[in-house]
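Values quoted throughout were computed directly from the atomic coordinates according to the rules given, and no laboratory measurement underlies them. Everything numeric here is computed off the predicted structure, so don't read it as measured data. Heads up, the Cβs are rebuilt from the backbone with ideal geometry, glycines too, and the neighbour counts pull from every protein chain shown.
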Amino acid sequence: MNWKKIRCFVMRDLRFVIGDWFAIKIIYLVPKFTINLPWMAVIVLSTLLSGCKLYSLSGAATTARTMQVDLFYNNTDLGPANLSQNFTNRLKDYYQQNSSLKIVPENGELQIEGTIYQYAVSPIAPVANNTAAQPTQAALTRLTIGIKANYVDTINPKNSFKDKTFSFYADFPNDQNLLTVQESLEKRIFDQIFLDMFNATIANW
């Protein structure tokens, strides 16, 4: 293989794309390290893409490294005393487990805080079905939790939002006491709210 001729043609194009110095390095190293061509391709692609937004395997899309999660205050009448601390701590865990962000107490590149404005228990009327496969359903009770959040993205301010609401619910049979199923219901509701908040903030969906 005549590397001198190949160098002349390739050098002419490479220098306009990645610069003279880097083009010279690639052209003169290729014949010496031909066996490592796949690695050289990775290096070149990494260099060209170095300015792009970072994507994690979980779907997070942000160049931020730190996040500040302040206390979500409980502004409800029915919510348990530990609702605020429980929600905030679990939200921190969710971001840490599903992104590469480091949770910091202050000066985070991303910041989120808010209030728990709804913790409501309401009855659901029985639903009659006319098929054997779906007999009449017993009356249920529904627990609904609502969150209002403020989010600040100091790197991309256009992603910030204020007073955005997130809510979800879970149903349980009327013959069950709320206190006996409260923890499991809250977990189901929180998990969905966390996913929605994650998508609205660092996933940008």
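Within segment 66-200, antiparallel bridges make up roughly 75 percent of the DSSP beta bridges whose residues both belong there.
Taking amide H as placed 1.01 Å from N in the peptide plane, Ser160 has its amide H under 5 Å from the amide H of Asp153, each at least 5 places away in sequence or on another chain. Charge tally around Pro123: other residues with Cβ under 15 Å, Lys/Arg +1 each, Asp/Glu -1 each, net -1. Phi-derived couplings, Karplus 6.51 cos²θ - 1.76 cosθ + 1.60 at θ = phi - 60°, listed residue by residue for segment 150-165: 10, 10, 10, 10, 6, 8, 10, x, 5, 7, 6, 8, 9, 6, 7, 9 Hz, with x used for Gly and Pro.
Once backbone amide H atoms are built at 1.01 Å from N, Ile103 has Met67 as its partners under 5 Å, excluding neighbours fewer than 5 places away on the same chain. For segment 66-200, the relative contact order comes to 21 percent (Cα pairs under 8 Å, sequence separation of at least 6).
Taking a ≥ b ≥ c as the square roots of the eigenvalues of the Cα gyration tensor, segment 66-200 is prolate, since a/c reaches 1.5 or more and a/b is larger than b/c.
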